[in-house]
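Just below is one structure, and these are the notes that go with it.
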Amino acid sequence: MDEKIVAKEIWSIKANPSSSEWLEFFSEKVEAQDSKFLRSFLDNNHPADIAEVLEKISTDSAIYVFKLCDSEMQSAVLVEFDEEYQAELISRLRLDEISPIVEKLETDEVTNLISEISKEKAEEILNSIDKEDSSQIRKQLNFREYTAGRLMTTDFASAYETDTVRKAIIKLRRVAKETEDIYLLYVTDEQNHLKGYVKLKDLFLAPLNSKIGRLVKEEAFHIHYDTDQEEVAKTFRKYDLVSCAVVDDLDRIIGRITVDDILDIVQEEASEDILRLGGVSEEERLNTSIWDSLRRRLTWLVINLGTGVLAASVVSYFESTIQSFVLLATLMPIVAGMGGNAGTQSITVVVRNIATGDLSAANWGSAFRKEGIIGLINGLSIGAITGITVFLYTGKLVLAIVIFLAMLSNLIMAAVVGAFIPLVLRAFGIDPAIASSIFVTTFTDIFGFFCFLGLATLFLGYL
């Protein structure tokens with residue numbers, strides 16, 4: 001690869017850090033300890049792009065480049081790594097190297113980092129930083145995981161409703177020195193109860209001697225600290241929020257959540273649902289150890305094996321019918337397979353709407369009816385195509401009718417069950433994303449085999 005071309009491109013985020021050739025060139029520069037080259041790379045790229053590159057090279061090389069950054073840049077790059085890589089990196093650094101990095105992070109970022117590393121290492125870090133910050137992080141770690149309390153940052157701008165605009169601006173400036181992305185000034189009484197908020201534009205345009213209470217927007221949205229992060233994301237999406245206050249049991253403001261945190265949550269929740277639909281743990285990554293991946297997957301494979309045995313037992317019940325007409329053995333997986341596919345479609349739609357909050361007790365009936373109608377139409381269409389194909393291939397009209405009726409029945413049942421089971425699982429407190437497909441597939445396999453082979457047994461004399 002032409003070194004001059006690469007050297008010209010490497011400073012720009014337009015360079016392609018995903019190509020193996022580019023990464024090989026970069027690794028060679030790291031191995032040669034070309035500090036001038038690496039410094040230019042660090043100075044001319046966004047922390048997110050730097051993190052993307054470091055995650056794709058060896059850990060030793062990544063640590064070498066990471067240590068070339070100052071503590072402020074290290075903090076910015078560190079938060080861009082995924083959680084497992086953060087923990088790996090922190091475990092390889094000395095305490096005196098970690099403390100300056102942690103002190104420049106917001107409390108939510110530190111809390112997230114601390115929760116991913118060993119208790120011993122976490123305790124060392126907390127004891128090495130400012131006592132006030134350490135105390136606040138310890139409090140935040142007491143909140144349940146995946147809730148607003150863990151997600152929030154305790155750095156926010158606030159003023160009393162009795163303050164003047166001048167005093168509020170002074171408070172805002174003081175907080176702004178240590179805090180990124182201030183969107184709103186929260187307004188409280190002297191007991192810290194949230195009263196509303198003031199937009200920064202309104203604050204700076206108001207007369208300096210006027211009271212903040214006169215500028216307050218009372219319709220301030222706030223979230224309880226124990227609210228699940230998925231519900232927090234729904235609130236942001238529904239009301240188009242960029243920042244939202246987090247309150248305690250007495251409606252006193254204790255933190256805030258900003259939209260950049262929500263974008264991470266949306267991606268995390270979407271990835272979690274996709275993995276769970278496949279029967280894979282949401283904690284699994286490409287760099288997860290083989291043993292951990294096996295442990296997480298094997299449970300569901302064993303369950304699937306058990307459900308497969310149930311379906312096989314139905315087939316064995318009709319062994320004599322299959323022996324009398326062997327062609328049935330060729331056709332019956334088609335009926336069961338189509339039922340499973342149709343059920344998966346219904347599951348995906350229903351689970352997605354449960355996750356977004358669009359499906360509730362108020363409209364589940366209409367959703368149920370819709371899936372039933374879709375199942376009926378799909379059953380008629382696919383059943384007719386299958387029946388005609390079987391008739392043209394075998395010349396047996398009765399067999400074509402049998403597979404048509406079996407396909408029709410199984411696709412209707414698959415749609416209905418695919419819509420019903422996620423709702424039942426949610427009612428029992430079971431995550432429908434991870435368990436629905438197993439139950440629906442089992443049901444459609446058993447019902448499909450029973451329906452097809454049962455009808456074939458009834459019409460065996462005409463086949």
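The values are calculated or read from the model by the stated rules, or taken from the named source; none is laboratory data. In this text the structure is predicted, and so the values were computed from the model without any measurement. Glycine also receives a Cβ, built like all others from the backbone with ideal geometry; neighbour counts cover every protein chain displayed. Each accessible area value is taken on the protein alone, full model and side chains, heavy atoms only, with ligands, DNA and RNA left out. Shrake-Rupley method; radii C 1.70, N 1.55, O 1.52, S 1.80 Å.
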request  = Would you check if there is a residue in segment 16-35 being under 24 Å from Thr179 (Cα atoms), modelled with pLDDT of 85 or more, part of a helix (DSSP H, G or I) and open to solvent by 40 Å² or more (accessible area, probe 1.4 Å)?
outcome  = no
query = With respect to Lys171, is the statement that it is in contact (Cβ under 8 Å) with a residue 12 or more places away in the chain and in contact with a helix residue (DSSP H, G or I) (Cβ under 9 Å, 6 or more places away or on another chain) true?
reply = no
ask   = Which of the residues spanning segment 58-104 are outside any helix (DSSP H, G or I) and open to solvent by less than 20 Å² (accessible area, probe 1.4 Å)?
value = Cys69, Phe81, Leu93
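Here is a yes/no grid of residues against (1) under 29 Å from Arg352 (Cβ atoms); (2) among the small types (Gly, Ala, Ser); (3) at pLDDT 85 or above:
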{"site": "Leu405", "(1), (2), (3)": "no, no, yes"}
{"site": "Leu408", "(1), (2), (3)": "yes, no, yes"}
{"site": "Val417", "(1), (2), (3)": "yes, no, yes"}
{"site": "Ile430", "(1), (2), (3)": "yes, no, no"}
{"site": "Gly454", "(1), (2), (3)": "no, yes, yes"}
{"site": "Gly461", "(1), (2), (3)": "no, yes, no"}
ask   = Under the condition of being touching a residue at least 24 places away in the same chain (Cβ under 8 Å) and over 18 Å from Ala406 (Cα atoms), which residue from segment 309-344 is surrounded by the most Cβ atoms within 10 Å (Cβ to Cβ)?
value = Thr344
ask   = If you go through segment 110-119, how many residues are in a helix (DSSP H, G or I) and more than 21 Å from the chain's Cα centre (by Cα)?
value = 1
key: Answer residue from segment 55-76, given it is under 19 Å from Ser20 (Cβ atoms) and touching a residue at least 24 places away in the same chain (Cβ under 8 Å) and is nearest to the chain's Cα centre (by Cα) among those   = Glu55
